[in-house]
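Here the structure comes first, spelled out in structure tokens, and everything after it is commentary.
The values are calculated or read from the model by the stated rules, or taken from the named source; none is laboratory data. Worth saying up front: this structure is predicted, and the values here are computed from it rather than measured. Because the Cβ atoms are built from the backbone with ideal geometry, glycine has one as well, and the counts that use them run over all protein chains shown.
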């Protein structure tokens, strides 16, 4: 496994543009455990899914790429998979159940095999929709009205055209698509089904933010291939997070305050967390009744991965002031400690 226990809590802290007089917002990168633990599985192979046309091959390639990005598993190259199966006169299309998957997985020398079915991979025929919409119509008629000048505030009489609201028919094109996939992970040594997951995602061009009435012809719609690829990526990404640890960016707030509280804040904003912690440790000595000092100190320990010290500092901050942000930080750190134990089991450390 390429991911080490040293990155269980946080890799980096990056300052965001967002800041104000009393706080700064930062983004930290946090490693989350996989939802499904698969002990003993280190090397896996992703074979072509069953699906219409090339959809099965495309899904397998996409999923393999996403799992490679996690760095968690050793992934057998697809070229090597094809070569081994060709030597044994076996075809990927013959893999239809768990027992066959065990036989193939043993040949490939992996711990687990990932396969499945692409049950839906389609774009519906484009439809032209007509709706009544309200528009402003120039009448060519005028009337005298009183109007207040925005600059001077004086009221004057002006001649303005009469504008009427009218309902007119407007047509636009709609394109819809759906992808649905079933995933299975089988332990090739025991035949045990380690994970099973099904998901589907749909796209509807009429729900996009851009003005649908600007689509005067279906050539202006999002390309069909792009739609199917985007839907597939969302589904495969969700499944990859089910079986492999993954990183997320989370937002944190640094409090401002007097003396060393602000000194530490400036260090933290520059990514100098050891110096920030040192300043905040001095701040809690100088101001033992200041909750912001303890909160910031807890944040420093959290970013550095020392969750026990972070919890202790957050508890004091909450005791001094039952502020919502402080209580959320304490809850978060306890959740992080539970996730760290799960990560240790998954990473084998």
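Would you please name the residue that is nearest to residue 309 (Cα to Cα), looking only at residues in segment 270-295 that are touching a residue at least 60 places away in the same chain (Cβ under 8 Å) and surrounded by fewer than 16 Cβ atoms within 10 Å (Cβ to Cβ)? Please lay out each step first, then the result.
Start the filter on segment 270-295 by keeping residues that are touching a residue at least 60 places away in the same chain (Cβ under 8 Å), which leaves 270-271, 273.
From what is left, the residues that are surrounded by fewer than 16 Cβ atoms within 10 Å (Cβ to Cβ) are 270-271.
Working: 270: 22, 271: 19 Å.
The qualifying residue nearest to residue 309 (Cα to Cα) is 271.
Every test in (1) touching a strand residue (DSSP E or B) at 6+ places or on another chain (Cβ under 7 Å); (2) more than 16 Å from residue 25 (Cβ to Cβ); (3) without any contact (Cβ under 8 Å) to a residue 60 or more places away in the chain is passed by residue 305 save one, and that test is (3).
Select from segment 296-315 the residues that are part of a loop (DSSP other than H, G, I, E, B) and either buried (at least 22 other Cβ atoms within 10 Å of the Cβ) or at pLDDT below 95 (or both) and list them in ascending order. If you could, list the steps in order and put the result at the bottom.
The initial filter retains those residues of segment 296-315 that are part of a loop (DSSP other than H, G, I, E, B), namely 305-306.
Answer for segment 296-315, where residues must be part of a loop (DSSP other than H, G, I, E, B) and either buried (at least 22 other Cβ atoms within 10 Å of the Cβ) or at pLDDT below 95 (or both): just 305.
Yes/no per residue for (1) more than 30 Å from residue 43 (Cα to Cα); (2) in contact with a strand residue (DSSP E or B) (Cβ under 9 Å, 6 or more places away or on another chain); (3) crowded, with 18+ Cβ neighbours inside 10 Å:
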{"position": "133", "(1), (2), (3)": "yes, yes, no"}
{"position": "138", "(1), (2), (3)": "yes, yes, no"}
{"position": "144", "(1), (2), (3)": "yes, yes, no"}
{"position": "151", "(1), (2), (3)": "yes, no, no"}
{"position": "168", "(1), (2), (3)": "yes, yes, no"}
{"position": "172", "(1), (2), (3)": "yes, yes, yes"}
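Looking across segment 316-335, the residues that are in a helix (DSSP H, G or I) and touching a helix residue (DSSP H, G or I) at 6+ places or on another chain (Cβ under 6 Å) come down to 316, 317, 318, 320, 326, 327, 329, 330, 333. Name the pairs whose Cβ atoms lie under 7 Å apart, with the first residue in segment 320-337 and in the same structural domain as residue 300 (by TED's automatic domain parsing), the second surrounded by 15 or more Cβ atoms within 10 Å (Cβ to Cβ) and not in a helix (DSSP H, G or I), and 6 or more positions between them or separate chains? Between residues of segment 320-337 that are in the same structural domain as residue 300 (by TED's automatic domain parsing) and residues that are surrounded by 15 or more Cβ atoms within 10 Å (Cβ to Cβ) and not in a helix (DSSP H, G or I), the close pairs are 325/253; 336/9. Say we look at segment 67-80 and pick out the residues that are under 24 Å from residue 343 (Cβ atoms) and surrounded by fewer than 18 Cβ atoms within 10 Å (Cβ to Cβ); which of these is nearest to the chain's Cα centre (by Cα)? Taking the candidates together, the pick is 69.
Looking only at residues of segment 85-102 that are crowded, with 16+ Cβ neighbours inside 10 Å and in a helix (DSSP H, G or I), we find that the one that is modelled with the highest pLDDT is 102. Is it the case that segment 251-264 has a residue that's under 30 Å from residue 37 (Cβ atoms) and not in a loop (DSSP other than H, G, I, E, B)? Yes, because at least one residue in segment 251-264 is under 30 Å from residue 37 (Cβ atoms) and not in a loop (DSSP other than H, G, I, E, B).
Taking the conditions (1) in contact with a helix residue (DSSP H, G or I) (Cβ under 8 Å, 6 or more places away or on another chain); (2) surrounded by 20 or more Cβ atoms within 10 Å (Cβ to Cβ) in turn, residue 346 satisfies each one other than (1).
Residue 45 - would you say it is in a strand (DSSP E or B) and either surrounded by 15 or more Cβ atoms within 10 Å (Cβ to Cβ) or modelled with pLDDT of 95 or more (or both)?
yes
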